[in-house]
Amino acid sequence: MCINRISSAMASPSILAAFVSPDLAGGAAAALAEAFPESAVVGCSAAGVIGGGREVEEGSVVSLTAAFLPDVIAVPFHMT
């Protein structure tokens, strides 16, 4: 993934929501948390990922949505 390019191009968001195709799910969370250590990283894997006005159901895909919330501390948690 090109996460290093993305993280160097933007400031750390308060919340980073990531939606990835199943083939990328294994390493996406750790890579995003490493690239954005000050951000609350949330997300999931899905068979169909929507972003930029498109839906992709086949192939490798990542959709990121960043929220910049001044004076807010976001705390992620894990649900199963």
**Asked** Among the residues of segment 6-23 satisfying the criterion of being surrounded by 17 or more Cβ atoms within 10 Å (Cβ to Cβ) and farther than 17 Å from Phe77 by Cβ, which is modelled with the lowest pLDDT?
**Response** Ser7
**Within segment 36-59, tally of residues that are open to solvent by 70 Å² or more (accessible area, probe 1.4 Å), among the aliphatic types (A, V, I, L, M) and over 19 Å from Ile15 (Cβ atoms)** = 1
**Request:** Determine if segment 43-56 includes at least one residue that is farther than 23 Å from Met79 by Cα and among the aliphatic types (A, V, I, L, M).
**Result:** yes
**Message:** Cβ-Cβ distance below 8 Å, separation of 6 or more or different chains: which pairs start in segment 52-80 with a residue that is without any contact (Cβ under 8 Å) to a residue 12 or more places away in the chain and end on one that is open to solvent by 70 Å² or more (accessible area, probe 1.4 Å) and hydrophobic (A, V, I, L, M, F, W, C)?
**Reply:** Glu57/Ala47
**Asked** Of all residues in segment 63-80, which are open to solvent by 60 Å² or more (accessible area, probe 1.4 Å) and part of a strand (DSSP E or B)?
**Response** Thr65
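The values are calculated or read from the model by the stated rules, or taken from the named source; none is laboratory data. The structure presented is a predicted model; accordingly, all values stated were derived computationally and were not measured. Glycine also receives a Cβ, built like all others from the backbone with ideal geometry; neighbour counts cover every protein chain displayed. Heads up: the accessible areas ignore ligands, DNA and RNA and are worked out on the full protein's heavy atoms, side chains in. Shrake-Rupley method; radii C 1.70, N 1.55, O 1.52, S 1.80 Å.
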